[in-house]
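Asker: This is the structure I want to talk about, given as structure tokens.
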Amino acid sequence: MRLASLLVLLLLSVSPGRSAESLFHPSARSPHLGEIIYFLLPDRFYCGDPSNNRGGSSSGDPNVNGFDPSKQNFFHGGDLKGVTDKLDYIRDLGSTAIWMSPIFRNRAVQESGPGIAPKAGYHGYWILDFTDVDPHFGSKADYGRLISSARSRGMGIIMDAIVNHTAHVIQPKDGVREYQYKFSKPYRDANGKPFDDRDYINRDDFPKLDPEISFPIPPTFANEADRHVKVPEWLNDPTVYHNRGEASSSGESSLYGSVSGLDDLFTEQLRVVRGMTAIYANWIREFDIAGFRIDTVKNVNNEFWQSFVPSILQVARQCGRKDFWIIAEVYNPDPAFMSEYVHRAAMPSVLDFGFQHAAAGFAAGIYAPVKLSELYKQDGYYTTPTNNAYSLVTFLGNHDMGRIGHFLSDDVTGATPGELLSRDILAHALMLFTRGIPVIYYGDEQGFTGQGPDVAAREDMFATKVADYAGEERIGGGDPSVAAFNEQHPLYRAIREMVSVRRENPTLERGIQIVQHADARPGIFAVIRVDPESREEMLALFNNANETKSANIKVYSSNGRWETVYDSDGDEGRFRRGIADDELAVTLGPVSCLLLRNSKPLEPAQEPIGELRVEAVRTCEIDGRWEVKAELTSDQVIAVAFGVRKNGESDFKFLGTADSPPYRVLPTWEETPDSPDLEFQAVARDLFGREVTAVCTWHRRAAKKETDR
């Protein structure tokens, strides 16, 4: 049910200092905030061993061995030895982690449907054997050497993990490919009795299934060899798949349907949960991998993740990796939607598609800065007791949607090469100087543009033989007919410099982020970053207009000593003290970034911390979520911790801490007590330990049924 009628009573109490019984906890920070991820496809990066180009096949036919470097959709020859050979190039850019597309053995060539030309599994997402490395990429020994070589250079390897599907092997016996909905064609047990699989999620007593009668689309195989082609063997049982037809982008079919014909695993079965957990646990035990990026998370039921994620983290801890990464791909730009997987699917971090969308539009000049401000106002969706938006993994483009260079080239009409370069640098500056853990997509540092999404954005870093790739005009220059590992490329140098600035200023990695200025038309966007421990204040300014812009920016340092840390416009950015002591007058050249730092720590404010108000409602923005928000009358750098308890109980349950306005958390109903009478508490604390507390009570209307909870 959506928003219920509420009675909210606000009670205010001011504390002169910190109470021993205070609910306050500092805002959470991920141990990975100092990381820079470099994402690559091994097949498109570098060839270290030409002998594996055909994947061990004796056939010279590309439609059998999958290797044809002249065709976009086939293997091109990159491998694990090639990545190892180029580790210094990746490290010198400033990267601390390498995420690679899947390295498991794939179906070399696959036909996805009638009349569709064959394609090869060069990208790694058509897995046949989850226990071994694809022979096109090398061997397990090569993978181990890559990991150890990366570790010796201070870099970790992030494995791309898939649990939603396998390669397309199972065929529809009746030829039907359209999705079959459960309401009209329910599952049936081996005796033909209809049942709802959700009644048996993660249970040992999941009904026995018969491939002939249990599924709306009975599964079969194209040939006898396909019946035992997958590894581990349990994946060859057709009853561990949904067998319901093709998925759409949302609704029931997104969970139960097949993506591009791939065999969609029946992840509601405990057998599948245990099987996939065992597969990935074994990789952690065998190799010193740093973490997982998990594919197609929104296509798998939450109950699977609620079991899988804690189990994987436990195995990682047992192997001595307490900071093991798990990054979820939730392909949707809406923070309300993406945050569901932090709250309800146990995901420690998600890829920030919302940032990608807003940042690409901002860098192109088609979105006003206020669009970024609106994005950051939604950061509260991600706040939990142990997590928040600072742990989001930010990016500008990828192998599915396309490159930032393509978006800029398409969106900026009539742009000169110089303007495109400036806008590309601006996009990376925004990603590197604002909250989140940045990902650099391979080739972006060499000005790759691509011609669109998917395979059009998966060019070769080595000299390409693909005609479409060879005709690409790269931002900042570059010749596709030669290898693209030029450390003097203007984008490589610019990104390396900005990464260095980020690393030398921990405030940019871990500091509180507060939006201070956002023009309603192309112009200046400004955020303040504050380190709560050192009380260092930095100011990051970005101008996406094609003309010089000026603004007066309020800062928190009334007696600050400001200095320039980075200026993308060659020292053209200017600043001076404004009319007020706590104000800077700044001027930025067209399409530029200016980064300032106050060398003097923030000092205590003379005025009181102010009065606090707190309010709790069951939000109508998302089903099953609260919005608990606080407002403070003074304008200081504060963090607000939130808690809840049943009316009359002594202890509050901590819900999370917000450290930038709007101060709010949005917990699920399951994260709060099931009671018709609740008390919510907010505790605001400034950088010097002064606190103020507010409490509100919430009552469910008596007329409302218990099911409305």
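Asker: Got at least one residue in the stretch 566-589 being closer than 24 Å to L33 by Cα, modelled with pLDDT of 95 or more, assigned to a strand (DSSP E or B) and not acidic (D, E)?
Answerer: Yes, the stretch 566-589 contains at least one residue that is closer than 24 Å to L33 by Cα, modelled with pLDDT of 95 or more, assigned to a strand (DSSP E or B) and not acidic (D, E).
Asker: When the stretch 392-427 is examined, which residues are found to be hydroxyl-bearing (S, T, Y), in contact with a strand residue (DSSP E or B) (Cβ under 9 Å, 6 or more places away or on another chain) and touching a residue at least 60 places away in the same chain (Cβ under 8 Å)?
Answerer: Across the stretch 392-427, the qualifying residue is only S422.
Asker: Next question. Give me the pairs: first residue in the stretch 173-201 and over 16 Å from N301 (Cβ atoms) and in contact (Cβ under 8 Å) with a residue 24 or more places away in the chain, second residue polar (S, T, N, Q) and assigned to a loop (DSSP other than H, G, I, E, B), beta-carbon distance under 9 Å, and six or more apart or on different chains, which are they?
Answerer: Pairs that qualify, where the first residue is over 16 Å from N301 (Cβ atoms) and in contact (Cβ under 8 Å) with a residue 24 or more places away in the chain and the partner is polar (S, T, N, Q) and assigned to a loop (DSSP other than H, G, I, E, B), are Y179/S248; Q180/N243; R188/S214; D189/S214; A190/S214.
Asker: Hey, could you check the stretch 260-290 for residues that are among the charged types (D, E, K, R) and in a helix (DSSP H, G or I) and say which is farthest from I98 (Cα to Cα)?
Answerer: Ranking the candidates gives R271 first.
Asker: Scan the stretch 450-473 for residues that are at positive phi and more than 29 Å from the chain's Cα centre (by Cα) and jot them down.
Answerer: Scanning the stretch 450-473 gives no hits.
Condition check ((1) out of contact with any Asp or Glu (no Cβ under 9 Å at 6 or more places or on another chain); (2) assigned to a loop (DSSP other than H, G, I, E, B); (3) within 30 Å of D92 (Cα to Cα)) across all residues:
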{"position": "D160", "(1), (2), (3)": "no, no, yes"}
{"position": "V163", "(1), (2), (3)": "no, yes, no"}
{"position": "Q171", "(1), (2), (3)": "no, no, no"}
{"position": "G175", "(1), (2), (3)": "yes, yes, no"}
{"position": "Y181", "(1), (2), (3)": "no, yes, no"}
{"position": "S184", "(1), (2), (3)": "yes, yes, no"}
{"position": "A190", "(1), (2), (3)": "no, yes, no"}
{"position": "R198", "(1), (2), (3)": "no, no, no"}
{"position": "N202", "(1), (2), (3)": "no, yes, no"}
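Asker: Given the criteria touching a strand residue (DSSP E or B) at 6+ places or on another chain (Cβ under 7 Å) and either of a type in the set (A, V, I, L, M, F, W, C) or touching a residue at least 40 places away in the same chain (Cβ under 8 Å) (or both), does D659 qualify?
Answerer: For D659, the condition - touching a strand residue (DSSP E or B) at 6+ places or on another chain (Cβ under 7 Å) and either of a type in the set (A, V, I, L, M, F, W, C) or touching a residue at least 40 places away in the same chain (Cβ under 8 Å) (or both) - is met.
Asker: Would you mention how many residues in the stretch 291-312 are assigned to a loop (DSSP other than H, G, I, E, B) and of a type in the set (S, T, Y)?
Answerer: So the count comes out to 1.
Asker: Regarding R403, is this residue buried (at least 21 other Cβ atoms within 10 Å of the Cβ), of a type in the set (K, R) and more than 12 Å from I475 (Cβ to Cβ)?
Answerer: Taking the combined requirement at face value, the residue does not satisfy it.
Asker: Oh, and also: In the stretch 648-664, what residues are at positive phi and at pLDDT 95 or above?
Answerer: The one that is at positive phi and at pLDDT 95 or above: G656.
Asker: Across the stretch 599-641, which residue is surrounded by the fewest Cβ atoms within 10 Å (Cβ to Cβ) among those that are under 28 Å from W698 (Cβ atoms) and of a type in the set (K, R)?
Answerer: In this case the residue turns out to be R613.
Asker: Any residue that is free of Cβ contacts under 8 Å to residues at least 60 places away in the same chain, farther than 30 Å from E536 by Cα and assigned to a strand (DSSP E or B) - is there at least one of those in the stretch 612-624?
Answerer: No; the residues of the stretch 612-624 include none that is free of Cβ contacts under 8 Å to residues at least 60 places away in the same chain, farther than 30 Å from E536 by Cα and assigned to a strand (DSSP E or B).
Okay, residues lined up against (1) over 27 Å from H32 (Cβ atoms); (2) within 14 Å of the chain's Cα centre (by Cα); (3) assigned by TED's automatic domain parsing to the domain that holds D659; (4) not in a loop (DSSP other than H, G, I, E, B):
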position	(1), (2), (3), (4)
V350	no, yes, no, yes
F355	no, yes, no, yes
A360	no, no, no, yes
Y390	no, yes, no, yes
L408	yes, no, no, yes
T413	yes, no, no, no
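Asker: Sticking with this one: Which of (1) out of contact with any His (no Cβ under 6 Å at 6 or more places or on another chain); (2) more than 27 Å from S558 (Cα to Cα) is the odd one out, the single condition T668 does not satisfy?
Answerer: (1)
Asker: Can you confirm whether the stretch 173-181 contains a residue that is in contact with a Pro (Cβ under 6 Å, 6 or more places away or on another chain) and modelled with pLDDT under 95?
Answerer: So far as the stretch 173-181 goes, yes, one or more of its residues are in contact with a Pro (Cβ under 6 Å, 6 or more places away or on another chain) and modelled with pLDDT under 95.
Asker: In the stretch 198-225, which residues are buried (at least 18 other Cβ atoms within 10 Å of the Cβ) and either within 35 Å of the chain's Cα centre (by Cα) or not assigned by TED's automatic domain parsing to the domain that holds R274 (or both)?
Answerer: If the condition is that a residue be buried (at least 18 other Cβ atoms within 10 Å of the Cβ) and either within 35 Å of the chain's Cα centre (by Cα) or not assigned by TED's automatic domain parsing to the domain that holds R274 (or both), then I201, F206, F215, P216, I217, P219 are the ones that fit.
Asker: Just to verify a result, which residue in the stretch 651-685, among those that are crowded, with 22+ Cβ neighbours inside 10 Å and of a type in the set (A, V, I, L, M, F, W, C), is nearest to V527 (Cα to Cα)?
Answerer: Going through the qualifying residues, I end up with A658.
Asker: For Q451, state whether it is touching a His at 6+ places or on another chain (Cβ under 8 Å), among the polar types (S, T, N, Q) and either part of a helix (DSSP H, G or I) or surrounded by fewer than 23 Cβ atoms within 10 Å (Cβ to Cβ) (or both).
Answerer: Against the criterion (touching a His at 6+ places or on another chain (Cβ under 8 Å), among the polar types (S, T, N, Q) and either part of a helix (DSSP H, G or I) or surrounded by fewer than 23 Cβ atoms within 10 Å (Cβ to Cβ) (or both)), Q451 qualifies.
Asker: Step by step: first the residues of the stretch 218-246, then only those that are part of a helix (DSSP H, G or I) and of a type in the set (D, E, K, R), then the one that is nearest to V163 (Cα to Cα). Which residue is that?
Answerer: E233
Asker: A follow-up question, please. Condition first: part of a loop (DSSP other than H, G, I, E, B), farther than 20 Å from E419 by Cα and of a type in the set (V, I, T). Now tell me which residues in the stretch 362-388 satisfy that.
Answerer: Those that are part of a loop (DSSP other than H, G, I, E, B), farther than 20 Å from E419 by Cα and of a type in the set (V, I, T): T383, T386.
Asker: Say whether the condition of being more than 30 Å from S152 (Cβ to Cβ) and in contact (Cβ under 8 Å) with a residue 40 or more places away in the chain is met by at least one residue in the stretch 281-294.
Answerer: Checking the stretch 281-294: not a single residue is more than 30 Å from S152 (Cβ to Cβ) and in contact (Cβ under 8 Å) with a residue 40 or more places away in the chain.
The values are calculated or read from the model by the stated rules, or taken from the named source; none is laboratory data. What you see is a predicted model; the values in this text were computed from it and never measured. A quick note on method: Cβ atoms are made from the backbone with ideal geometry, for glycine too, and the neighbour counts reach across all protein chains shown.
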